[in-house]
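Worksheet: one structure, shown below.
The values are calculated or read from the model by the stated rules, or taken from the named source; none is laboratory data. Keep in mind the model is a prediction, meaning the values are calculated, not measured. Cβ placement follows ideal geometry from the backbone for every residue including glycine, while neighbour counts extend to all protein chains displayed.
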């Protein structure tokens with residue numbers, strides 16, 4: 001679970017809102033996208049590393 005405060009689950013300030021802005025200027029949607037991409041990359045890296053450890 002990854003918190004995306006101050007984003008809400010639904011509504012104008014949801015985590016997929018392209019209008020709601022964070023103090024750094026990114027939209028909630030941009031931050032959600034950045035977070036998901038980072039998680040996928042981390043998972044892929046961990047999977048690749050685990051595969052290398054078990055390689056013959």
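Side notes on the structure shown:
- Within the set 45, 38, the sole residue that is at pLDDT 95 or above, outside any loop (DSSP other than H, G, I, E, B) and surrounded by 10 or more Cβ atoms within 10 Å (Cβ to Cβ) turns out to be 38.
- Meets criteria (modelled with pLDDT of 95 or more, loosely packed, with under 11 Cβ neighbours inside 10 Å and in contact with a helix residue (DSSP H, G or I) (Cβ under 7 Å, 6 or more places away or on another chain)) for residue 18: yes
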